[in-house]
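Single-structure report; data block below.
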Amino acid sequence: MSTHAPSISGSSWLSPVPLFFVFLWSTGFIVAKLGLPYAPPLTFLIVRCLGVLAVLLPLMLLWRAPWPRGQVLHLALSGLLLQAGYLGGVWAAIKLGMPAGLTALIVGMQPILTAAAAPLIGERVRPIQWLGLLLGLSGVALVVYAKLGLAGLSPAALGLCVFALLSITAGTMYQRRFCPRFDLRSGTAIQFGATVLVLAPIAVWLEDLDPAFSSITWSADFIIAWLWSVFALSIGAIFLLFKLIGRSQATEVTSLMYLTPPTTAIMAWLLFGEAFNALGLAGMAVAVTGVAFVVRKPKETT
């Protein structure tokens with residue numbers, strides 16, 4: 001009889017909470033595409049974090065949220081990886097012209113990277129997972145090749161996507177290892193506060209950030225993108241992610257990410273007219289198949 005903790009693998013992928021998480025997470029790439037024409041990427045991220053803190057700090061005081069003693073540094077570091085590293089890389093890449101669907105596909109390789117790093121934390125990688133790793137990388141290569149003629153597909157944009165991929169993988173594994181459970185109100189506030197403290201001086205240097213946020217054009221599109229990023233993404237999706245990390249293993253949580261690239265691609269096609277040619281579609285199918293092989297678990301005996 002199995003005694004494993006509840007997981008999100010297998011048919012439970014189709015349950016409402018994981019699917020809702022995938023939908024919210026996928027909209028992050030769309031929000032970036034919508035809002036970044038009106039603000040530099042790090043400035044946008046800082047305003048997003050400040051909006052989240054404006055919501056969370058009063059709730060912490062009102063509900064007397066417990067302070068996560070002994071976890072503050074761990075939460076701050078995982079927050080920097082998940083917020084500053086991941087989102088900063090993704091948004092900067094899209095700002096450079098990287099298509100939202102392709103960005104989602106590259107960072108959607110997180111399950112493969114997590115599986116490849118499994119031996120470092122004492123987990124065994126099965127032969128079918130290594131096959132999935134090769135398929136996933138091949139699929140990404142096909143999509144990138146199909147997009148070589150696009151403006152925005154520069155070495156800098158690709159490098160930022162890879163940096164974002166490494167950051168979210170490391171952040172997920174680090175949080176699962178050192179601080180999987182904490183009060184979401186105070187813990188999330190610590191993570192977003194740390195992100196602002198680290199990014200603010202960088203934004204002053206690179207983007208001429210000032211107290212009036214004069215580099216932002218407060219258009220209707222930007223305000224919609226900002227409000228959605230604060231409430232739906234930073235509070236909704238991040239809270240769901242932390243809940244899933246607390247309840248399941250890191251590899252199971254990252255398995256949800258394989259649904260993000262096709263979801264984002266459909267959204268980007270509907271909203272912005274982004275389209276894949278036949279080679280790009282084939283590459284996405286190969287990549288998704290590869291990730292499915294990586295995260296597929298063997299049948300358990302009872």
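The values are calculated or read from the model by the stated rules, or taken from the named source; none is laboratory data. The structure displayed is predicted, hence computed values, not measured ones. Here the Cβ is made from the backbone with ideal geometry for all residues, glycine too, and neighbour counts use every protein chain on show. Heavy atoms of the whole protein, side chains included, go into the accessibility calculation; ligands, DNA and RNA do not. Shrake-Rupley method; radii C 1.70, N 1.55, O 1.52, S 1.80 Å.
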Quiz prompt | At R0 = 30 Å, FRET efficiency that the Cβ-Cβ distance of ALA156 and LYS243 yields, to 0.05 | solution = 0.30
Exercise. Take the Cα coordinates of region 16-295, assign each an equal point scatterer, and use the Debye formula without solvent to give log10 I(q)/I(0) at q = 0.12, 0.13, 0.14 Å⁻¹.
Key: -0.72, -0.85, -0.99
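Ordering ARG181, ARG176, ARG126 by how much accessible area each has at a 1.4 Å probe, largest first, what is the list?
Numbers: ARG181 160, ARG176 70, ARG126 40 Å².
Largest accessible area first, the list is ARG181, ARG176, ARG126.
Ignoring ligands, DNA and RNA, what percent of the accessible area of region 16-295 is carbon or sulfur (1.4 Å)? Show your work: numbers first, answer last.
Working: 8690 of 11840 Å².
Answer for region 16-295: carbon and sulfur cover 73 percent of the accessible area.
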Exercise. Between beta-carbons, use under 10 Å as the cut-off and find the net charge around PHE44, counting Lys and Arg +1, Asp and Glu -1.
Key: +1
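Suppose accessible area is computed on protein heavy atoms with a 1.4 Å probe; arrange ILE202, ILE266, ILE238 from highest to lowest. Don't jump to the answer; show the numbers that get you there.
Numbers: ILE202 65, ILE266 100, ILE238 10 Å².
Accessible-area ranking of ILE202, ILE266, ILE238, largest first: ILE266, ILE202, ILE238.
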Self-check item: Shape call, region 32-128: gyration tensor on alpha carbons, a/c limit 1.5
Solution: oblate
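Could you size up the charge dipole of region 16-295 around its Cα centre, putting +1 on the beta carbon of Lys and Arg and -1 on that of Asp and Glu, and report it in debye to the nearest 20?
Working: 14 positive and 8 negative charges, 156 e Å.
Charge dipole of region 16-295: 740 debye, to the nearest 20.
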